[in-house]
Amino acid sequence: MNIQDIRSYFPILHQEVNGNPLVYLDSAATSQKPVKVIEALDEYYREYNSNVHRGVHTLGTRATDGYEGAREKVRKFINAKHIQEIIFTRGTTTSLNTVAASYARANLKEGDEIVITYMEHHSNIIPWQQVAKSTGATLKYIPLQEDGTISLEDVRNTVSTNTKIVSVMQVSNVLGVINPIKEITKIAHENGAIMVVDGAQSTPHMNVDVQDLDCDFFALSGHKMCGPTGIGVLYGKKELLENMEPVEFGGEMIDFVDLYDSTWKELPWKFEGGTPIIAGAIGLGAAIDFLEEIGLDNIQAHEHKLAAYALNKMNEVEGMTIYGPKDASKKAGVVTFNIADVHPHDVATVLDAEGIAVRAGHHCAQPLMKWLKASATARASFYLYNSEDEIDKLVEGLVKTKEYFSDVF
Ligand code: 7TS
């Protein structure tokens, strides 16, 4: 993987921010977009913008082919068995909410349990809190080990035959931890529960095979994997989706509408009410082509190298606290940290003046922050276009930040 070649595909990277070359280390929030994706969107709007599944006119047919072609690309990308199992949504948040609103509300009752972990993103916590409130089910948390990883023993101790849903992120957006989803799924199934996976941070960075994981639902966001914002996917096993009610009702998702009752289209369209996210899906398809050309294995190996390099270099900075596993082999390309007593927002502000973009805050994981005993942290997240040089700049920036604040106080 030649990093200069890779960087040349991302026009946004070639600019100065505050008088310095941009160092973009916030890809866990959203990734940058390669020319291929930008051009796919441009081409759609310039040449064949049209609604889908409607008419017979040429532009409409081309738009429908583009939209449905993108679905097949997603199916292949995550190795789903059937095209009907791929539902386009607005993103991971919408996908998880769909499972909660449709499957969970219909199937859970008092005495049932939903099991999640302390490291989940808010979008994999709050929908289950709401389900618990409305059905009387109980929400339970799998605890974390000292280094922020999950032990299967703790999974076995938390999941029981009362558990109906286990929902776990595949990769943590804060700790970078990669969770053993296949093994957790096995434990869920042994107890008669279904397995939901938040794949927002895994699909951009590693090969995902939903059949091999054997999970029942899987959620992803296009914008984190080089695609446009506003498009995501809910994968669900066909036999489950077939028995679920839609969450949104209106155009596109109906078969026949009478005065007092209606019937739904077949899968996957019964879950795609209204004019779908046509440009977004086509852009996501182009992003998948791009990622597959580079190779997810190559991307993961590159990020792994960057994470190891960053952990090493950052640990040398005095006063540095790094959260999560210190062993890079257990991590994706995310390093979350605090430096001495400097507030992470101040860290991010000083780094921004150097052209370095990192995120500061609670990262939409307040229960995890509580567990880490930190009100907020700074986070550097890497992707295929980042280099070791950029990590050197980050480390220089962190040394500067620390010196600046120790002079002030
Ligand atoms: N799940 C995980 C693990 C995430 O990291 C995010 C977004 C989401 C779900 C929600 O995805 P969305 O596309 O529906 O918004 N994470 C972050 C982040 O870490 N910084 O900004 C957004």
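Some observations on this one:
- Members of region 108-153 found to be of a type in the set (S, T, N, Q) and more than 18 Å from PHE218 (Cα to Cα), listed by number: GLN129, GLN130, SER134, THR135, THR138, GLN145, THR149, SER151
- Some residue of region 34-49 being of a type in the set (Ser, Thr, Tyr), without any contact (Cβ under 8 Å) to a residue 12 or more places away in the chain and part of a helix (DSSP H, G or I): no
- Within region 162-178, considering residues that are part of a loop (DSSP other than H, G, I, E, B) and in contact with an Asp or Glu (Cβ under 8 Å, 6 or more places away or on another chain), the one farthest from the ligand (Cβ to nearest atom): ASN162
- Matching option when the condition is touching a Lys or Arg at 6+ places or on another chain (Cβ under 9 Å), more than 16 Å from the ligand (Cβ to nearest atom) and outside any loop (DSSP other than H, G, I, E, B), among ILE12, ILE6: ILE12
- Screening ARG90, ARG54, ARG71 for residues that are away from the ligand (no atom under 16 Å from the Cβ) and modelled with pLDDT of 95 or more leaves exactly one candidate, ARG71.
- Exclusive hit being in contact with a Ser or Thr (Cβ under 9 Å, 6 or more places away or on another chain) and within 16 Å of the ligand (Cβ to nearest atom), set SER95, SER31: SER95
- For region 1-31, the tally of residues that are of a type in the set (S, T, N, Q) and more than 30 Å from MET169 (Cβ to Cβ) stands at 6.
- Criterion violated by ALA328 - all others in (1) surrounded by fewer than 23 Cβ atoms within 10 Å (Cβ to Cβ); (2) out of contact with any helix residue (DSSP H, G or I) (no Cβ under 6 Å at 6 or more places or on another chain); (3) more than 25 Å from PRO34 (Cβ to Cβ) satisfied: (2)
- Listed conditions (1) surrounded by 17 or more Cβ atoms within 10 Å (Cβ to Cβ); (2) more than 19 Å from ASP26 (Cβ to Cβ) are all met by GLY295, apart from (1).
- Unique residue being crowded, with 18+ Cβ neighbours inside 10 Å, touching a helix residue (DSSP H, G or I) at 6+ places or on another chain (Cβ under 9 Å), closer than 26 Å to ILE178 by Cα and among the small types (Gly, Ala, Ser) when the list is GLY355, GLY333: GLY333
- Residue in region 179-192 that is within 11 Å of the ligand (Cβ to nearest atom) and within 16 Å of the chain's Cα centre (by Cα) present: yes
- Close pairs from region 325-343: first more than 14 Å from ILE391 (Cβ to Cβ) and touching a residue at least 12 places away in the same chain (Cβ under 8 Å), partner among the acidic types (Asp, Glu) and outside any loop (DSSP other than H, G, I, E, B), Cβ under 8 Å, at least 6 apart: ALA332/GLU303
The values are calculated or read from the model by the stated rules, or taken from the named source; none is laboratory data. If you're wondering where the values come from, they're calculated on a predicted model, not measured in any experiment. So basically every Cβ, Gly included, is an ideal-geometry build from the backbone, and we count neighbours across all protein chains shown.
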